[in-house]
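Below is one structure, written out as C-alpha cells; comments come after it.
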Amino acid sequence: MKALYVILIAAAVVTLRLAITRSRRRARRDGAQNADGSGATLPSGRSRTGAARRERFRAATDQSFGDVGMVAMREIRERVRGRIFRIGTLIILLFVGAAIVIPTLHKGSGTTSQTVGIVGDLSSEVSAVVHTAAARNQDHVTVVSLATLSEAKSELRSGKIDVAIVDADQVLLSQPASSNSSPADSGFVETVAAYLGVLQAYRSAGLTPAQASEVTHARSVPVDTLQPRSSNTTKATSVIGLVLLFFMLTQYCSWILIGVMQEKSSRVVEVLLATLRPIELLGGKVIGIGLVAFSQATLIVVFALVVGQAVGSDLLRGTEPLVLACELLWLILGYAFYCWLYAAAGSTAERQDQVQTLALPLSIPILLGYIFSITVASSGNPSLLFKVLAYLPPTAPFCMPVLVSLDQVAWWQFVASILITLAGTAGVALFAARIYRRAVLQTGSRVRLGELFARSAH
C-alpha cells in the first residue's frame, strides 16, 4: 500500500510537469499564430477572449489596491511565470517528499517483533486488542504476564519487553516510540492505546444507546515513559524547516536585491518613478515577492502534511501544529526584516559584481543564525547565548522556532520576540526607504553609505 502511495505521488508530479510543458508549448504556438494573423481565424476567439479577461482582471486589481498593488501584482506575475520559480518549487517538493517517504520505506521493510508485558489479569479483551494491533501493523507479538508495576519497569529498562500494559488502562514504554533508539513500534503503540481506550469506553458505557456517543468519541489511553520526553520527536522536522527557511529567505531576498539593481541599471526605475513615489515602488516590490514566498511556503507545508499522512510517516506525526505554524510565521517575519536591507543595498549597485559584494555582508547574520540553530536543533541543548539570539531580529527567525520545537520558551517570551522583531523591522524599513530614495536614481558609480549619510546631514 505504501508503495502504491509513492507511485501515485510520483505520477502526480510527472503529470504536473507534463501539463506545464504542454501549456507552454500551446502558449508559444498561439502567440506565433496571433503574430502572423492566423490567430484571428479561431472560430471562438479563445486567445483574444482570454487576453481580454486577463487585462480586465489586471485593471480591476490595479484600481482596487492602488499603485502599491499594481507593483505587487507585477512582481507576482514575473516571479510565478519564471522557470526558476517553477523548477525550484518542484525540486523543493521532491526533496520534502523524499525526506518523508524514504525513512518510511526503510522502516517498513521486514516484520517487527514486539514483546508485550501485561500487568494484571490477561483478559480475553486485552489479548484481542494486542493481537489485533499487531496484525494491523504487521508485527509479531509475544505476550508475557508480569506481577507488579515495578517488575514491568525493570523489564522495560533491561530491554526484555518492549511495551507494558498496566491494568488495561495505561501503556508504559522505556522511551518515546518515535525515538530512533526505541524498541517499540510507534504504530503498534498508538493502535494499542486507541483500542484500549475504546475498550474502556465500552465498559463505562454498558452498551446502552444513551452512551453510544461516549464509545464513538473514545480517547487513547495515556502513553507514559520512564525517561523524559526528548527533542527527537521534532528534531528532524526542525532541521528540515531550518534548511527550507534558510533557502527561501536567501532566495527571495536575493530576488529583491537583483531586481532593484536591474531596474536601476536599465533605467526602468526612472520611468516607474515618473508616476510612482519611491516608497510605493519599494513597498509594492517587497509585498509582491513576500506574497510569493508565503504562498510557496504554505504549499510546501501542506504538501508535507498530505504526504506524511498518506504514507503513515512518523516524521511529522509527533510534531505539534504549533511548530509548523511557527516555522511559517518566522519565515514571514524574517523576510519582512531582511527584504528592506536587500532592497536598499540593491539601490546602491549597478553591476552584478557589486551585487555579490553587497550580498556577502548581508548574509552573514543569516548564515550564523542558520548554523547555530542547526547545531542546537540536533543536540537539543540550547545555551544562554542561543536564547539571547532568539530575541534579536537578525537571528530570531532561526533561533525562536528551535526553542519552540524544544519546548524551551513560554508564550510571553515568544510574543516578546515577535514584538522586538516587528519594532526592528519598522526601524530598518525607515532606514532602507531613505537609502533607496536617495540612491536609486544616482547612476555612474556605486553609491557609498558615507555619501548618503553626508547628503542627509546637509
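The values are calculated or read from the model by the stated rules, or taken from the named source; none is laboratory data. Note that the structure is a prediction, hence the values are computed from the model and not measured. No Cβ is skipped: glycine too gets one built from the backbone with ideal geometry, and neighbour counts run over all protein chains shown.
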- Verdict on D139 being assigned by TED's automatic domain parsing to the domain that holds V189 and surrounded by fewer than 17 Cβ atoms within 10 Å (Cβ to Cβ): no
- Task: Tell me which of these C253 doesn't satisfy, since it passes every other one: (1) over 26 Å from Y370 (Cα atoms); (2) touching a Cys at 6+ places or on another chain (Cβ under 7 Å).
- Result: (1)
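Looking at R157, R203 in this structure, which one is charged (D, E, K, R) and at pLDDT below 85?
Working: R157 fails: at pLDDT below 85.
Residue meeting the stated conditions: R203.
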- Note on the structure: Going through the range 142-171 in order, the residues found to be of a type in the set (A, V, I, L, M, F, W, C), touching a residue at least 40 places away in the same chain (Cβ under 8 Å) and surrounded by fewer than 21 Cβ atoms within 10 Å (Cβ to Cβ) are V166, A168
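Among the residues of the range 38-48, is any modelled with pLDDT of 55 or more and not small (G, A, S)? Walk me through how you get there before you give the answer.
From the range 38-48, those modelled with pLDDT of 55 or more are none; that's our starting set.
The answer is no, given that none of the residues of the range 38-48 is modelled with pLDDT of 55 or more and not small (G, A, S).
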